[in-house]
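Right, one structure below, let's go through it.
The values are calculated or read from the model by the stated rules, or taken from the named source; none is laboratory data. As the structure is a prediction and not an experimental result, all values here were calculated from the model. Cβ sites come from the backbone with ideal geometry, for glycine too, and all protein chains shown count toward neighbours. Ligands, DNA and RNA are excluded from the accessible area calculation, which covers all protein heavy atoms including side chains. Shrake-Rupley method; radii C 1.70, N 1.55, O 1.52, S 1.80 Å.
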Amino acid sequence: MKNKNAVYGTLVTLAGAALWGLNAVVSKFLMGRGIDTMWMVNFRMITAGAGLLLFAFMKNKRGLFNVWKDRASVIRLLVIAVFAFGLCQPTYYIAIDYSNAGIASAIQQTAPVFVLIYVIVKEKRRPSATELSALVLVIAGSFLIATHGDTHALAVHPAALAAGLFSALMCALYITVPAPLIKRYGTFETVGWGLFIGGCFLAPFCRLWAFPAQWDASMVLGMAFIILPGAAFAFALFLYGTSIVGPVRGGIYNLFEPVTALAVSALWLGQGYHAAELIGTAAILTGIAIMTVSKKGGSPGS
């Protein structure tokens with residue numbers, strides 16, 4: 001990977017991760033204003049996907065539907081839409097609803113562990129000592145966040161922990177699966193179809209037709225942010241950047257998401273954090289960083 005492309009890919013991926021972190025905080029704000037979590041997620045996915053498809057159509061009218069002409073691409077796209085987008089998004093927002101933006105984002109950062117397992121299985125090799133030590137840090141960090149060090153009780157709501165870990169697994173899919181489609185058909189086309197189809201898949205379960213009755217200016221602005229910068233731009237930037245730097249490096253750059261969420265939650269929403277939560281988050285971020293900079297862990301993005 002050339003240095004110029006590496007720097008560009010890094011900056012683009014970091015920008016997408018930062019927007020995700022801000023999106024989590026704004027979403028928590030909207031939940032506090034009474035907007036139904038599942039309705040918000042579903043509306044966000046469909047409108048953001050439609051916006052990206054419209055932009056892709058304006059750029060290249062003929063290319064928008066090319067992905068539907070290849071059977072293998074269609075299957076990959078449907079997997080991305082239903083699982084990577086359709087299941088990752090709701091479970092992530094459930095984790096935010098039952099905890100907060102910073103903790104949910106930190107739990108979701110276990111996603112690169114699943115990516116690492118995928119890489120190891122694909123390359124048919126044993127994990128290195130460095131990778132194992134990184135895994136221990138991630139598990140220890142998750143334990144601290146979940147229990148605050150008390151083995152007899154969960155400090156985080158069980159629904160937040162379960163939803164966050166499942167979201168991390170689905171997150172691993174959109175770190176690894178969309179790259180071939182992005183390179184072949186384009187970022188806006190791939191992400192747009194993925195979000196739109198995933199949103200349509202969820203619509204019957206989320207009662208999309210039950211539009212919230214009461215709105216004010218802050219809620220309108222919040223919804224506009226999570227639809228455009230927080231969804232459309234964030235997904236497009238992150239997935240395009242990951243297609244350049246590789247899935248494992250994409251995982252490490254995504255660590256900027258919880259850092260952003262933690263900082264903005266504290267400054268804007270006045271969210272306080274237990275010392276164990278901060279130590280646990282630091283352990284997870286350190287483990288993922290070690291995993292990525294290790295010689296074998298970094299190879300897929302080279």
Exercise. What are the pairs, 6+ residues apart or on separate chains, where a residue within the range 37-58 that is under 19 Å from Trp209 (Cα atoms) and touching a residue at least 24 places away in the same chain (Cβ under 8 Å) has its Cβ under 8 Å from a residue that is open to solvent by 10 Å² or more (accessible area, probe 1.4 Å) and among the acidic types (Asp, Glu)?
Worked result: Thr37/Asp97
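For (1) loosely packed, with under 15 Cβ neighbours inside 10 Å; (2) closer than 30 Å to Val79 by Cα; (3) at pLDDT 80 or above, each residue gets a yes or a no:
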| residue | (1), (2), (3) |
| --- | --- |
| Thr147 | no, no, no |
| Ala153 | yes, no, no |
| Ala159 | yes, yes, yes |
| Ala162 | no, yes, yes |
| Ser167 | no, yes, yes |
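Yes/no per residue for (1) assigned to a helix (DSSP H, G or I); (2) open to solvent by 30 Å² or more (accessible area, probe 1.4 Å); (3) at negative phi; (4) in contact with a Phe, Trp or Tyr (Cβ under 6 Å, 6 or more places away or on another chain):
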residue: Arg184; (1), (2), (3), (4): yes, yes, yes, no
residue: Ala203; (1), (2), (3), (4): yes, no, yes, no
residue: Phe211; (1), (2), (3), (4): no, yes, yes, no
residue: Gln214; (1), (2), (3), (4): no, yes, yes, no
residue: Leu221; (1), (2), (3), (4): yes, yes, yes, no
residue: Phe233; (1), (2), (3), (4): yes, yes, yes, no
Exercise. Do the conditions hold for Ala72, that is, is it open to solvent by 10 Å² or more (accessible area, probe 1.4 Å) and free of Cβ contacts under 8 Å to residues at least 24 places away in the same chain?
Worked result: yes
For this session: Would you mind finding the one in Leu267, Leu239, Leu228, Leu262 that is free of Cβ contacts under 8 Å to residues at least 12 places away in the same chain and either closer than 29 Å to Leu132 by Cβ or in a helix (DSSP H, G or I) (or both)?
Result: Leu267
Exercise. For the range 261-273, which residues satisfy the criterion of being surrounded by fewer than 23 Cβ atoms within 10 Å (Cβ to Cβ) and in contact with a Gly (Cβ under 9 Å, 6 or more places away or on another chain)?
Worked result: Ala263, Val264, Ala266, Leu269, Gln271, Tyr273
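Yes/no per residue for (1) at pLDDT 80 or above; (2) in contact with a Phe, Trp or Tyr (Cβ under 9 Å, 6 or more places away or on another chain):
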| residue | (1), (2) |
| --- | --- |
| Pro229 | yes, no |
| Ile244 | yes, yes |
| Ile252 | no, no |
| Gly280 | yes, yes |
| Val293 | no, no |
